[in-house]
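What follows is one structure encoded as structure tokens, with my remarks underneath.
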Amino acid sequence: ATIVSQSSDGEDIVFYMFWYHLFGILWANQFISAISMTTIAGAYSYWYFYGRDEDKKADVPMAFMRSLSRVFRFHIGSMAFGAMLVALVQLARAILMYLDKNTKTWQDKSVALRIAFKVIHCCLWCFEKLLKFITRNAYIFIAINGKSFCASAKHAFMTILKNLFLVGFVNLVSGLLILLGKVMIMVGCGVL
């Protein structure tokens, strides 16, 4: 009986450590993505605001390195917080998929349970996409204004809300242009 309880405890530890490490991987992935987005946004904003100024034109080639050092010096906590929010939603989706897989026999018996899993999965997917969109824009506002994550996310959300039609139109046009570019590359490669 002692051996069984020890193996059960070991399996429990492995089970919880799996979820712990999965969260760590998701958070690290989003953290690296946040740092890269904010660094690129900072470099572009430096080029946009100071690239035309003759006194600061010599600093433009080093804009990326300056932006990267600014991110690590001032904004690393904001990047970690935003990445944690997205990683938590991704972890919730992973847990839901795990539960969905382990309750297939119950779902076969109950149509309501199956529909509930699908609805929750769809809502979490939509929430993750919305959160990624808002955090991406918050990182851009962090790079431009230098404020905290929450203030930048609020500013980004309000800006998007005020210009909803324009944002939708720009996303539609850019999506069509990207699709057209992909088709042209595919056709060009096929012809060659």
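Remark: ALA41 falls outside the filter, which requires a residue to be among the hydrophobic types (A, V, I, L, M, F, W, C), modelled with pLDDT of 95 or more, under 29 Å from GLU128 (Cα atoms) and surrounded by 10 or more Cβ atoms within 10 Å (Cβ to Cβ). Could you check region 46-80 and list, in sequence order, the residues that are surrounded by fewer than 17 Cβ atoms within 10 Å (Cβ to Cβ), modelled with pLDDT of 85 or more and not aliphatic (A, V, I, L, M)? Those that are surrounded by fewer than 17 Cβ atoms within 10 Å (Cβ to Cβ), modelled with pLDDT of 85 or more and not aliphatic (A, V, I, L, M): PHE64, ARG66, SER69, PHE72, ARG73, PHE74, GLY77.
Would you say ARG93 is closer than 20 Å to TYR16 by Cβ and of a type in the set (D, E, K, R)?
Yes, satisfied.
Residue-by-condition table, conditions (1) over 24 Å from THR38 (Cα atoms); (2) touching a Gly at 6+ places or on another chain (Cβ under 6 Å); (3) modelled with pLDDT under 90; (4) of a type in the set (Gly, Ala, Ser):
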| site | (1), (2), (3), (4) |
| --- | --- |
| TYR98 | yes, no, no, no |
| LYS118 | yes, no, no, no |
| CYS123 | yes, no, no, no |
| LYS132 | no, no, no, no |
| ASN171 | no, no, yes, no |
| SER174 | no, no, no, yes |
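For region 98-110, the count of residues that are within 23 Å of TRP27 (Cα to Cα) and touching a residue at least 24 places away in the same chain (Cβ under 8 Å) is zero.
Would you check which residues across region 145-159 are among the aliphatic types (A, V, I, L, M) and touching a residue at least 24 places away in the same chain (Cβ under 8 Å) and list them? I'd like the intermediate steps shown before the answer.
Of the residues in region 145-159, the ones among the aliphatic types (A, V, I, L, M) are 151, 153, 156, 158.
Listed by number, the list holds a single entry, ALA153.
The values are calculated or read from the model by the stated rules, or taken from the named source; none is laboratory data. A quick note: this is a predicted structure, and the numbers were derived from the prediction, not measured. Quick reminder, even Gly has a Cβ in these numbers, built from the backbone with ideal geometry, and neighbours come from all protein chains shown.
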